[in-house]
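Visitor: Below is one structure. I have some questions about it.
The values are calculated or read from the model by the stated rules, or taken from the named source; none is laboratory data. Computed from a prediction, not measured in an experiment: that's the story for all the values here. Backbone-built Cβ (ideal geometry, glycine too); neighbour counts: all protein chains shown. Ligands, DNA and RNA are excluded from the accessible area calculation, which covers all protein heavy atoms including side chains. Shrake-Rupley method; radii C 1.70, N 1.55, O 1.52, S 1.80 Å.
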Amino acid sequence: MRKLLPLILAILLLAGCQGGGAEASFPPPASSQPEQPAPPPDSEISVQAVVEWLSDENHHQFKIDWADLWVTMELLPGQRDGEREIQVDIWSLEDLDEPMQTIRDYIEENVFGWTQVADVNFDGHLDFGYMHYTGNQPNYWNFWLWDAGQGRFVAEPGLSEISAPVFHGETQTISGFARDGWAGLAGTSTIHRWIDGQLTCVRRVVSAPTEINDEVFQFVVEDWVDGQLEEVLRQEVPVSNEGAIFELREKWEDPLYTGEE
């Protein structure tokens with residue numbers, strides 16, 4: 001399989017250079033066509049193998065544009081604690097003889113192929129991640145960040161703890177939300193920032209039924225104050241007024257909102 005991947009990537013690169021076939025292209029007149037060398041005897045088998053690899057549900061690939069890198073993923077037979085092993089190969093188009101980096105990891109089989117490419121730490125370089133777990137809305141990802149000093153991608157474990165992460169370059173923040181029932185009324189929203197190179201939770205918003213009365217929700221906000229999270233709001237809201245709960249959450253999910261109208 002490793003010998004086949006360079007051919008796969010070369011075909012993907014060629015397809016990308018041709019614009020994905022959006023417009024029909026016609027060959028020049030026969031008289032002006034240069035002679036082509038005869039293909040090797042196994043070329044049809046190779047192309048067929050490439051097509052089969054790309055269409056196999058245990059294979060996935062995507063591109064990281066800024067550095068002309070291709071990432072191929074393969075679901076392997078190995079298992080651990082109910083998860084399947086994956087192999088992630090990162091290829092530079094400058095050298096397709098061997099991958100520049102290989103990652104082995106374990107994920108839930110049903111989330112294989114869910115990937116993101118984003119500037120995760122807002123340094124101008126695209127990073128990548130793949131989902132490793134999903135529940136009834138909460139979903140968690142493993143992200144690998146480009147390290148220019150090492151010339152490779154390194155894992156950021158803190159990102160694996162953020163449910164459904166979204167990266168906001170305009171505010172340099174990462175938002176997340178984990179639903180906890182009640183048709184979305186109950187749940188936890190988070191906002192993270194990079195502070196001195198460390199991924200830091202700077203806001204946590206929790207809405208949940210009170211311990212003694214599930215007809216009343218506690219809405220609690222913790223905010224970053226003097227270098228630590230401190231509770232800045234605790235409010236009870238009747239479940240019957242669900243619009244107020246969603247409105248409060250929406251306000252506090254804005255990293256620029258401070259509680260002042």
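Visitor: Taking amide H positions as placed 1.01 Å from N in the peptide plane, with prolines and chain starts having none, which residues 5 or more places from I86, or on another chain, fall under 5 Å of its amide H?
Guide: Correct list: L76, D105, Y106, I107.
Visitor: Where Rh is the Kirkwood radius over the Cα pairs of region 42-159, the temperature 10 °C and the viscosity 1.306 mPa s, what D in µm²/s does Stokes-Einstein return?
Guide: 103 µm²/s
Visitor: Could you tell me the calculated FRET efficiency between L54 and V117, based on Cβ-Cβ distance and R0 = 25 angstrom, to the nearest 0.05?
Guide: For R0 = 25 Å, the calculated efficiency reads 0.85.
Visitor: With labels modelled as points extended 7 Å from the Cα through the Cβ direction, what inter-label distance (nm, one decimal) is found for Q79 paired with Q137?
Guide: Using points 7 Å along Cα→Cβ, the separation is 3.1 nm.
Visitor: Tabulate in residue order the Karplus-calculated ³J(HN,Hα) for region 178-183, using 6.51 cos²θ - 1.76 cosθ + 1.60 with θ = phi - 60°, rounded to whole Hz; enter x for Gly and Pro.
Guide: 10, 6, 9, x, 6, 6
Visitor: Taking θ = phi - 60°, what integer Hz values does the Karplus form 6.51 cos²θ - 1.76 cosθ + 1.60 yield along region 200-206, in sequence order, with x for Gly and Pro?
Guide: Using θ = phi - 60°, the values come out as 10, 6, 10, 7, 10, 10, 10 Hz.
Visitor: Something else now. Write down the accessible area per residue of region 164-261 in Å², having rolled a 1.4 Å probe over the full set of protein chains.
Guide: Per residue, region 164-261 has 57 Å² of solvent-accessible surface.
Visitor: Testing the spin-label approximation: label points 7 Å from Cα along Cα→Cβ at N110 and V154. State their distance in nm.
Guide: So the two model labels end up 3.5 nm from each other.
Visitor: With N set to the number of residues, divide the alpha-carbon radius of gyration of region 104-151 by 2.2 N^0.38 Å and report two decimals.
Guide: For region 104-151, the normalised Cα radius of gyration is 1.28.
Visitor: In region 134-237, which GluC sites (Glu not before Pro) fall in coil by DSSP and have 11 or fewer other Cβ atoms within 10 Å?
Guide: Passing both the DSSP loop test and the Cβ count: E170, E211, E215.
Visitor: Next up: Averaged over all directions, how much area does the convex hull of the C-alpha atoms of region 208-261 cover when projected, in nm²?
Guide: 4.2 nm²
Visitor: Given C-alpha coordinates of region 122-261, what is the ratio Rg to Rh with the Kirkwood estimate of Rh?
Guide: When Rh is taken as the Kirkwood radius, the ratio is 1.02.
Visitor: In whole percent, and with a 1.4 Å probe on the protein chains, what portion of the accessible area of region 63-107 is carbon and sulfur?
Guide: 37 percent
Visitor: Can I ask one more? Would you mind classifying region 97-197 by shape? Square roots of the alpha carbon gyration tensor eigenvalues, ordered a ≥ b ≥ c; an a/c under 1.5 is rounded, otherwise it is prolate if a/b is larger than b/c and oblate if not.
Guide: It comes out oblate by the Cα gyration axes.
Visitor: With bins 10 Å wide starting at 0, give me the P(r) of region 125-182 over every alpha carbon pair, in whole percents.
Guide: Once binned at 10 Å, the Cα pair distances of region 125-182 give 22, 47, 25, 5, 1.
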